[in-house]
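**Student:** Got a structure here, written out as structure tokens. Questions coming.
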Amino acid sequence: MDRIRIVGGNELNGRIPISGAKNAALPLMIASLLTDDTLTLENVPHLADVEQLIRILGNHGVDYSVNGRRERQHEGYSRTINFTARHIVDTTAPYELVSKMRASFWVIGPLLARMGEAKVSLPGGCAIGTRPVDLLLEVLQSLGAEIDIESGYVIAKAKHRRLAGNRHRFGKVTVGGTHVGLMAASLARGETVLENAAREPEIVDLAACLNAMGARISGAGTDTITIDGVDSLSGARHRVIPDRIETGTYAMAVAMTGGDVVLEGGRIELLERAFDILTEAGADISETPEGVRVRRNGNGIRAVDVTTEPFPGFPTDLQAQFMGLMTMASGQSRITETIFENRFMHVQELARLGARISLSGQTAIVDGVQRLKGAPVMATDLRASVSLVIAGLAAEGETTVGRVYHLDRGFERLEEKLTGCGAIVERISG
Ligand code: EPZ
């Protein structure tokens with residue numbers, strides 16, 4: 001199994017190109033199920049999760065081509081991919097596929113909307129928490145779906161084979177629930193109003209793409225989204241937004257090591273709260289024509305308290321990275337996780353590098369230390385693993401991060417991007 005070896009101590013200086021957003025690309029790819037025409041997505045990151053979703057969509061009959069040529073997929077750069085679901089050949093998403101990636105459960109929305117039926121395996125729990133799908137099923141029921149659960153599968157059927165628009169209020173803000181609601185309501189008969197909707201930029205991106213396909217959606221980015229259902233959707237060409245979590249991750253890495261890096265293509269408005277917090281901690285963040293510039297020279301990092309919240313609050317997907325940064329801050333930081341109940345698995349691994357962290361319920365109390373010391377550590381999930389990389393970049397000596405496949409799910413060319421800015425990072429195979 002591959003490992004990442006890091007020799008800490010170098011500043012980061014230079015440029016890091018920001019990839020297309022994984023969490024925007026996945027629902028956009030799933031939206032290709034809504035039309036028999038071709039959906040062309042530009043700036044799709046080359047990640048293990050994207051490859052896995054290509055396989056899952058293929059099972060339903062979605063054909064794809066990369067820049068017109070399949071073989072270019074191995075280049076490892078964000079790519080343009082055409083997705084065509086001319087015929088849906090199977091409305092079942094089996095356990096073997098859905099259990100590998102939770103977001104694939106979202107195919108239930110477009111399959112049900114286009115075909116009037118879907119049978120999708122329940123995804124099961126995952127490392128960061130139980131992550132149920134009740135809110136996703138509730139929005140589909142509001143749109144007239146009949147739902148049965150049998151042998152680990154959700155069997156959903158639309159009355160008279162077509163969903164019907166309705167007013168639906170989410171009991172809790174859910175990104176996946178909002179994506180599913182948007183896709184399902186786009187082809188429903190009549191108007192749907194989604195209240196207490198998620199406001200994440202990835203929701204806005206999906207709505208923009210669906211509108212380009214002929215949907216009639218307004219209000220995306222606010223907590224009330226109105227969808228006027230249409231009979232069919234067409235193909236479109238759409239560019240995936242830059243990855244705000246990747247942007248924030250590298251910004252924290254620079255804050256940790258010191259240096260001066262331009263995050264090319266990064267957008268400051270996608271990360272306002274996180275950047276406010278980083279600025280408070282002592283980083284200097286500014287907008288440039290190329291993207292976002294992050295600097296830290298001279299002074300150290302100050303401890304700042306953080307609570308994760310739905311957008312526009314501080315993202316749960318940056319919580320682990322921020323904790324990595326706080327391990328060497330001056331003072332004590334309290335980091336409270338409100339979105340997922342089990343997203344502190346990086347705590348024990350950071351402790352192996354010398355971090356002082358104690359847990360009290362959903363709050364981690366981090367007492368900054370003067371120095372971290374490299375050690376072998378283990379990745380437990382995607383964002384947790386990159387927090388270990390951030391800590392390793394500042395630790396004295398050598399850190400090796402095991403189970404690198406977690407990183408490959410969400411960070412395109414991580415070693416290359418960091419090495420290009422002066423870090424010593426390499427992948428060790430086997
Ligand atoms: C999305 O997951 C992201 N995944 C996650 O990123 C991200 O952490 C999360 O949103 C929150 O921002 C993708 O976009 C592919 P939710 P999602 O539904 O949609 C509870 C990463 O590292 N809930 O907004 O699954 C749920 O348990 C990943 O890239 C229910 O109770 O998250 C959680 O506590 C990890 N019932 C809260 O709502 C439901 O039916 C928010 O979850 C659905 C969710």
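**Student:** Arg237 versus Arg356, label points 7 Å from Cα toward the beta carbon: distance in nm?
**Tutor:** The answer from the label model is 5.8 nm.
**Student:** Can you give me the % of accessible surface on the chain that is carbon or sulfur? Probe 1.4 Å, all protein chains present, nothing else counted.
**Tutor:** Details: 7340 of 16270 Å².
Ligands and nucleic acids excluded, carbon and sulfur reach 45 percent.
**Student:** Return one number: the angle in degrees, 0 to 90 and rounded to the nearest 10, between the long axis of the Cα atoms of helix 201-212 and the longest principal axis of the Cα atoms of the chain.
**Tutor:** 30
**Student:** Using Cα positions and a limit of under 13 Å, work out the aspartates and glutamates in reach of Lys119, with same-chain residues fewer than 8 apart set aside.
**Tutor:** Excluding near neighbours in sequence, the set is Asp90, Glu146, Asp148, Glu150.
**Student:** Put a dot 7 Å past each Cα toward the Cβ at Arg334 and Glu309; how far apart are the dots in nm?
**Tutor:** 1.6
**Student:** Given a 1.4 Å probe, how much area per residue of the chain is accessible, in Å²? The partial results should precede the final answer.
**Tutor:** Numbers: 16270 Å² over 430 residues.
Solvent-accessible surface per residue comes out at 38 Å².
**Student:** Oh, and also: Figure the gain on full extension for Ile428 and Arg86 (residue separation times 0.36 nm, minus the Cα-Cα span) and round it to one decimal in nm. Display every interim value, and only then the final one.
**Tutor:** On the way: separation 342, 0.36 × 342 = 123.12 nm, distance 4.20 nm.
This chain segment gains 118.9 nm when fully extended.
**Student:** Relative to the first principal axis of the alpha-carbon coordinates of the chain, what is the inclination of helix 175-186, with its axis defined by its Cα atoms, in degrees from 0 to 90 and to the nearest 10?
**Tutor:** 30
**Student:** Which percent, to the nearest 5, of DSSP beta bridges fully inside the chain are antiparallel? Display every interim value, and only then the final one.
**Tutor:** Numbers: 60 of 85 bridges.
Counting DSSP beta bridges with both partners in the chain, the antiparallel share is about 70 percent.
**Student:** Sticking with this structure for a sec: What share of Cα pairs, in percent, lie more than 41 angstrom apart in the chain?
**Tutor:** For the chain, the fraction of Cα-Cα distances above 41 Å is 16 percent.
**Student:** Which of these, Val89, Val377, Val50, has the largest mean-square fluctuation under a Gaussian network model of the chain (Cα springs below 10 Å)?
**Tutor:** Val89
**Student:** Here's a follow-up. Would you mind checking the tilt of helix 48-60 against the longest principal axis of the Cα atoms of the chain, expressed as 0 to 90 degrees and rounded to 10?
**Tutor:** So the helix axis and the longest Cα principal axis differ by about 10 degrees.
**Student:** Once you place label points 7 Å from the Cα toward the Cβ at Arg167 and Met1, how far apart are they in nm?
**Tutor:** For Arg167 paired with Met1, the spin-label model returns 5.1 nm.
**Student:** Below 8 Å, C-alpha to C-alpha, sequence gap of six or more: please give me the relative contact order for region 139-271 in percent. Before the final figure, lay out the partial values.
**Tutor:** Numbers: 221 pairs, mean separation 24.7, N = 133.
Here the relative contact order equals 19 percent.
**Student:** How far, in nm, would the chain grow between Asn67 and Ile149 when pulled straight, counting 0.36 nm per residue and subtracting the alpha carbon separation?
**Tutor:** Working: separation 82, 0.36 × 82 = 29.52 nm, distance 3.98 nm.
Extra length available between Asn67 and Ile149 comes to 25.5 nm.
**Student:** While we're on this one: Tally Lys and Arg at +1 and Asp and Glu at -1 over the other residues with C-beta under 9 Å from the C-beta of Thr400: what net charge comes out?
**Tutor:** Working: positive: Arg3, Arg5; negative: Glu398.
Residues near Thr400 contribute +1 overall.
**Student:** Which is farthest toward the positive dipole end of region 183-274 among Val261, Tyr250, Gly235, measuring Cα position about the Cα centre, with Cβ charges +1 (Lys, Arg) and -1 (Asp, Glu)?
**Tutor:** Gly235
The values are calculated or read from the model by the stated rules, or taken from the named source; none is laboratory data. Remember, predicted model here, so these are calculated numbers, not experimental data. Positions of Cβ are generated from backbone atoms using ideal geometry, with glycine treated the same way; all protein chains shown enter the neighbour counts. The accessibility values were calculated without ligands, DNA or RNA, using every heavy atom of the protein model including side chains. Shrake-Rupley method; radii C 1.70, N 1.55, O 1.52, S 1.80 Å.
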